[in-house]
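Written below as C-alpha cells is the structure these notes are about.
No lab work stands behind these numbers, since they all come straight from the coordinates. Here the structure is a predicted model, which means the values were calculated and not measured. Note that we place each Cβ from the backbone using ideal geometry, even for glycine, and neighbour counts take in every protein chain shown.
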C-alpha cells in the first residue's frame, strides 16, 4: 500500500514537470522564431553592404597597349607596343593628380619622305627619320565625369616633356614638349586595392607638330 502511494506521488511529480512543456502554445514561440530570423537577415544584409570598399590615396599603375602617330607623310604609322607606369594620389574620390611615364615607337610614318638641306655657313644635309622612339614624361589630373559605386568614366588633361630618338627631323633637339587629353574607364574590383582601367590618350608633340594616339589597358594598386 505504501509503495503504491509513493508511486502515485512520483507519477504526479513527473506530470507536473512535463505539463508546462507539453502545454506550451506553438503560436507563442513564433514571435521568438521570427525575431531570430529577422536578426539573422539583418546580419546578412549588413555583410552584403560592407562587402565592397573603395580604397583611395596613393597609388601605382602599370599599363600596356598600342601606340601610333597620325598625320605625317603617310598619314598614320604602323601600330607599335606602348607601355608605361604612373604614380598618383586621389585628392578626393572624383579628383586625382599623377606623374606618368610612357614609351612608344613611331614606325613607317616620317614627317617628310624627301631629303632636305639646311644652309648655315656651309651646307648641312639630312633626312627625316622613318622610325623613332617616343618617350613621355607627363604631369596630369583626372576627374570623374560619370561614376557609380564600382566604376567611373574619367577625363584627363596633362602635359610635359617628350624625348624623341632619333630626332623626327634634321636639326631637332632631343627633347620636345607635349599636351594631351584622355578618356578613361575604371572598374573597381572586389579585390581590395585593385582597379582595372581602359584608356585612350591623344598626344600632341610640340613644336614638332606630331599628333599621336595611345590605347592602353592598366592595373592600378592603391596603397
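Being without any contact (Cβ under 8 Å) to a residue 12 or more places away in the chain and in contact with a strand residue (DSSP E or B) (Cβ under 7 Å, 6 or more places away or on another chain) is the filter here; which residues of region 130-161 pass it?
Across region 130-161, the qualifying residues are 145, 146.
For region 144-177, which positions are surrounded by 14 or more Cβ atoms within 10 Å (Cβ to Cβ) and either closer than 21 Å to residue 92 by Cα or within 20 Å of the chain's Cα centre (by Cα) (or both)?
If the condition is that a residue be surrounded by 14 or more Cβ atoms within 10 Å (Cβ to Cβ) and either closer than 21 Å to residue 92 by Cα or within 20 Å of the chain's Cα centre (by Cα) (or both), then 144, 147, 151, 152, 154, 155, 156, 158 are the ones that fit.
Does region 195-223 hold any residues that are in contact with a strand residue (DSSP E or B) (Cβ under 6 Å, 6 or more places away or on another chain) and more than 16 Å from residue 65 (Cβ to Cβ), and which are they?
Correct list: 195, 204, 205, 206, 208, 210, 211, 221, 222, 223.
With the condition kept exactly as written, say whether any residue in region 181-189 is touching a residue at least 60 places away in the same chain (Cβ under 8 Å) and under 16 Å from residue 90 (Cα atoms).
Within region 181-189, one or more residues are touching a residue at least 60 places away in the same chain (Cβ under 8 Å) and under 16 Å from residue 90 (Cα atoms).
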